[in-house]
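Novice: Just dropping this structure here.
The values are calculated or read from the model by the stated rules, or taken from the named source; none is laboratory data. Everything numeric here is computed off the predicted structure, so don't read it as measured data. Positions of Cβ are backbone-derived with ideal geometry, glycine not excepted, and every protein chain shown enters the neighbour counts. The protein model used for the area step is the full one, side chains on, heavy atoms only, and it has no ligands, DNA or RNA in it. Shrake-Rupley method; radii C 1.70, N 1.55, O 1.52, S 1.80 Å.
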Amino acid sequence: MSKIRKSESGSYCLGIESSADDFGIGIASFNGEILANQSDCYIPTEGGIHPREAARHHAETADKVLRQALNKAGIKPSDLTCIAFSQGPGLGPCLRTGATVARALASYLQIPLVGVNHSVAHIEIGKLKTGAKDPVTLYASGGNTMVTAYESGRYRVFGETLDIALGNCLDVFAREAGLKHKQGVPLGAAVEQLAAGGGRLVSLPYVVKGMDLSLSGLLTAATAQLHGGNCSLEDLCYSLQEHAFSMVSEVTERALAHTEKKEVLLTGGVAANKRLQSMLNVIAEEHAAKFSVVPLQYATDNGAMIAWTGVLAFQHGLTTPIDTSYVRLRWRVDKVDVPWIR
Ligand code: AMP
Ligand code: MG
């Protein structure tokens, strides 16, 4: 039987993020203060994320990141009210490692466990940190690319990628070009830096189908141009960004026109990109909507977003019994009730 604990200084939720390459632990107070947001990123020696290797990284660093988060927040485990974890979508072995840590903590501390949808968490941390109330959101990361907006109890998907995610498209191209992921400089940021030195627009596939988009043909064509050797890497990075970002911006604009919402929010790891930010800003202005972008430290996968969404869910009576706390690899954002929004 779980007991609900409330310390003198307030109530806190500890959130665990482990859906892909980042292992993060955040601590949020029930009034929306982020007390800690610690993480450690798995960097493959070569190629993309290997799920089992990433999961091993998470298991090895969990203890360190947990201690860092508790120290940073200045609280003891006994001060925690609930434990939230990223339940999906994501890579199975990675999600399971975070879930195991979460279950162990909740069980040992005898406090409730809260399974959080990773995509909902990216939207909620964006809203918390920017003050956006009811935005059309472009969530673009290494594993997800979608345009959502709240309607009748859920975040609805207005458009999404039909194949690869925007961040993945940039990352694979960067690796083809021989760029290396360094701690603190993701591959997408390396593409952004090179793009700033380019300016000749190379024609590449632009695929928007209805409200959805496809990035795999763009990646194939850009990679072929790269190996063809007739374009500079700077011009190709520039052209890849211009095409891909225009596609996601077009879908975002259509969702904005359809919903007539008055806010646009950009969230997820690719939100760090200044060129993408400026394109969306122009679109928001044209529709008299306010544009907001999630702050950099909350853009990429992080534990704080899980902790904060855990608070919202917990406050609305949503907890997850340990014996049914399976991870959900393909848990869509539009399958999740968000009763904290009215
Ligand atoms: P996430 O999946 O949310 O952890 O975000 C990671 C993704 O964001 C990776 O695909 C990165 O390459 C991408 N990313 C990070 N910084 C930038 C940037 N400045 N421009 C474009 N993509 C970026
Ligand atoms: Mg990540």
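Novice: Report the rotationally averaged projected area of region 142-198 based on its alpha-carbon convex hull, in square nanometres.
Specialist: Working: hull surface 22.0 nm².
Mean projected area for region 142-198: 5.5 nm², to one decimal.
Novice: To one decimal place, what orientation-averaged projected area in nm² is obtained for the convex hull of the Cα set of region 123-298? Mind showing how you got there, number by number?
Specialist: Numbers: hull surface 38.4 nm².
With the hull built on Cα positions only, its mean projection is 9.6 nm².
Novice: Beyond a 31 Å Cα-Cα separation, which of these cross-linked pairs lie in this structure: LYS182/LYS335; LYS129/LYS182; LYS127/LYS335; LYS182/LYS274; LYS72/LYS261; LYS72/LYS129?
Specialist: Values: LYS182/LYS335 35 Å; LYS129/LYS182 27 Å; LYS127/LYS335 20 Å; LYS182/LYS274 20 Å; LYS72/LYS261 38 Å; LYS72/LYS129 19 Å.
Result: LYS182/LYS335; LYS72/LYS261 exceed 31 Å.
Novice: Provide, for q = 0.15, 0.19, 0.28, 0.30 Å⁻¹, the log10 of I(q)/I(0) from a solvent-free Debye sum over equal Cα point scatterers in region 276-319.
Specialist: Treating every Cα as an identical point scatterer, log10 I(q)/I(0) equals -0.59, -0.72, -0.89, -0.95.
Novice: Next question, about the same structure. Taking 1 over the mean of 1/r across every pair of different Cα atoms in region 210-324, what Kirkwood radius in Å do you get? Write down the numbers at each step before the final one.
Specialist: Details: mean 1/r = 0.0592 Å⁻¹.
Every distinct Cα pair counted, the radius reaches 16.9 Å.
Novice: What is the distance, in nm, between label points placed 7 Å from the Cα along the Cα-to-Cβ direction at ARG275 and at ASP134?
Specialist: 3.5
Novice: Would you mind getting me the FRET efficiency between LYS76 and TYR206? Use the beta-carbon distance for r and R0 = 56 Å, nearest 0.05. Present the calculation step by step, with values, prior to reporting the outcome.
Specialist: Numbers: r = 54 Å, r/R0 = 0.96.
Given R0 = 56 Å and the Cβ-Cβ separation, E is 0.55.
Novice: Which far-off residues, 5 or more places away or on another chain, put their amide H under 5 Å from the one on ILE164, with H placed in the peptide plane?
Specialist: LEU215, SER216
Novice: Please build a GNM for the chain, connecting alpha carbons under 10 Å apart, and tell me which residue among ASP21, ASP163, ASP301 fluctuates the most.
Specialist: Most flexible of the set in this elastic network: ASP163.
Novice: How much accessible area per residue does region 37-156 have, counting only protein heavy atoms and a probe of 1.4 Å, in square angstrom? All intermediate terms of the calculation are to be shown ahead of the outcome.
Specialist: Numbers: 4640 Å² over 120 residues.
Using a 1.4 Å probe on heavy atoms only, each residue of region 37-156 averages 39 Å².
Novice: What's the extension gain from GLN183 to ARG332 if we count 0.36 nm per residue and subtract their Cα-Cα distance? Could the numbers behind the result be given before it?
Specialist: On the way: separation 149, 0.36 × 149 = 53.64 nm, distance 2.96 nm.
Here the segment from GLN183 to ARG332 would lengthen by 50.7 nm.
Novice: State the dimensionless ratio Rg/Rh of the chain (Rg: radius of gyration of Cα atoms; Rh: Kirkwood radius). Present the calculation step by step, with values, prior to reporting the outcome.
Specialist: On the way: Rg = 19.9 Å, Rh = 20.3 Å.
In the chain, Rg relative to Rh is 0.98.
Novice: Could you work out what % of the accessible surface of region 123-298 is carbon and sulfur, using a 1.4 angstrom probe and leaving DNA, RNA and ligands out of the count?
Specialist: Values: 3680 of 7260 Å².
Taking all protein chains in place, region 123-298 shows 51 percent carbon and sulfur surface.
Novice: Using a Förster distance of 56 angstrom, determine the FRET efficiency expected from the C-beta separation of SER232 and LYS64, and round it to 0.05.
Specialist: On the way: r = 42 Å, r/R0 = 0.75.
Plugging the Cβ-Cβ distance into 1/(1 + (r/R0)^6) gives 0.85.
Novice: Quote the FRET efficiency, to the nearest 0.05, computed for GLN193 versus SER216 with a Förster distance R0 of 22 Å and r equal to the Cβ-Cβ distance. Write out the running numbers ahead of the final one.
Specialist: Details: r = 24 Å, r/R0 = 1.10.
The calculated FRET efficiency here is 0.35.
Novice: Another question, if that's okay. For region 1-127, what log10 I(q)/I(0) values come out of the Debye formula at q = 0.19, 0.22 1/Å, with one point per alpha carbon and no solvent?
Specialist: -1.03, -1.33
Novice: When DSSP beta bridges are limited to those with both residues in the chain, what percentage is antiparallel, rounded to the nearest 5?
Specialist: Details: 27 of 46 bridges.
Counting DSSP beta bridges with both partners in the chain, the antiparallel share is about 60 percent.
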